[in-house]
Amino acid sequence: MTRVFSGVQPTGHLTLGNYLGAMRRWAAVDQHRADSLFCVVDLHALTVEHDPARVRRLSLQATSLLLASGLDPEVCTVYLQSHVDEHTRLSYLLECVATDGEMRRMIQYKEKTAKVRERGGSVRLSLLTYPVLMAADILAYGTDEVPVGEDQVQHVELTRDLAVRFNQRYGHTFVVPKATVPEVAARVMNLQDPTTKMGKSDESGSGVVYLLDEPEVVRKKVMRAVTDSGREVVYDRDERPGLANLLEILAACTGGDPEALSGVYETYGSLKKDTADAVVELLRPLQERHRALCADPGYVEGVLRDGAERARAMARPTVDAAYRAIGLLPAVADTGAGVALNTAR
Ligand code: AQP
């Protein structure tokens, strides 16, 4: 059976971009057709300045939102990255395979470094190395497919490179995974600046629709979306990015095609109104389920406990195999160390 792994970082409140680019497919498609794991990757949230209490809160909120989006812990595994030591165990081995140069080429590293420096902060070493931890997240489970938004494709490519390199040097250990991206809304853009991604750590938040925004807030944000000069509604991502973003969001919410939808509208106002309504309707059931889950924190904690146990059992054999392959002795009584000491240099 195909193995699917993907994750979300508790670095802020989850957004419409997270949902359309990734989470929606996990719940609607992936969990039913594959043996799948979905992880709140809390260790990644420590790569930038963070408040420990907020990370804890956001980790639980992200878990509840994953469940509210329709993930069923009876058919897939939902857990927190920090509860499964295999991720960090494997990450170190992969750091011994990755190169400094390839880390520095990561677009997210360049973008996030620039943001940290703009704020006068210092760049954490973990920000440079976190794509390796992400590779470990994926490779520990023998993952075949990683459903992500477009912004994470480069990290999955790096994961492929590391898997191939490790296998070539030390013998076949890892499945080489591939990224899958949605046909529409693979990169939802910020409504106030449609040339940048709608991201959860955006400072003002006015161009970001959060999954838990009240309907009136969603409407206001969409109605105030920056569009381009011009009157005609056309779908052109390069020349008319603001309009294209709204058409893609509407298409993703209604199951339509952005190009075809552009022919339906004569004014920007009517496009915005329908897009706002579609987003509100899309989020309504998710918000209702989330409210119900908040009333039952014991259930969410139970899901995380069971999920971590299952995930550990799935990851351990592959990570142990990687330790052996790279030249580390197993920590059990019968290591064969005596033989090695006697015979080898
Ligand atoms: N705008 C987006 N459009 C489409 N897909 C998106 N994803 C994120 N933003 C968009 C996808 O959601 C999944 C989880 O994302 P993440 O938590 O790994 O990363 P992030 O939301 O990009 O969060 P960061 O890096 O903490 O900060 P921001 O958001 O400020 O850049 C992934 O599959 C991702 O592709």
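The values are calculated or read from the model by the stated rules, or taken from the named source; none is laboratory data. Keep in mind that this is a model prediction, so the values were computed, not measured. Heads up, the Cβs are rebuilt from the backbone with ideal geometry, glycines too, and the neighbour counts pull from every protein chain shown.
Across the stretch 196-225, the qualifying residues are those that are away from the ligand (no atom under 13 Å from the Cβ) and more than 22 Å from residue 291 (Cα to Cα), and the one among them that is modelled with the lowest pLDDT is 206.
If you check residue 156 against the conditions, is it buried (at least 18 other Cβ atoms within 10 Å of the Cβ) and assigned by TED's automatic domain parsing to the domain that holds residue 7? When the stated conditions are applied, residue 156 passes them.
Looking across 97, 84, one residue alone is more than 21 Å from the chain's Cα centre (by Cα) and either within 19 Å of residue 9 (Cβ to Cβ) or not aromatic (Phe, Trp, Tyr) (or both). It is 97. Here are the criteria: (1) modelled with pLDDT of 95 or more; (2) in contact with a Lys or Arg (Cβ under 9 Å, 6 or more places away or on another chain); (3) under 30 Å from residue 241 (Cβ atoms). Tell me which single one residue 177 does not satisfy. Of everything listed in (1) modelled with pLDDT of 95 or more; (2) in contact with a Lys or Arg (Cβ under 9 Å, 6 or more places away or on another chain); (3) under 30 Å from residue 241 (Cβ atoms), residue 177 misses just condition (3). Reported count of residues in the stretch 143-195, each being more than 10 Å from the ligand (Cβ to nearest atom) and assigned to a helix (DSSP H, G or I), is 15.
Kindly evaluate residue 12 against the criterion of being part of a helix (DSSP H, G or I) and closer than 20 Å to residue 130 by Cβ. No; evaluated as a whole, the condition is false for this residue.
Taking the condition modelled with pLDDT of 95 or more, small (Gly, Ala, Ser), away from the ligand (no atom under 12 Å from the Cβ) and within 20 Å of residue 130 (Cα to Cα), does residue 36 pass? No: the conditions fail for residue 36.
Candidates are the residues of the stretch 243-260 that are small (Gly, Ala, Ser) and under 24 Å from the mean Cα position of the chain (by Cα); the one that is surrounded by the fewest Cβ atoms within 10 Å (Cβ to Cβ) is 255.
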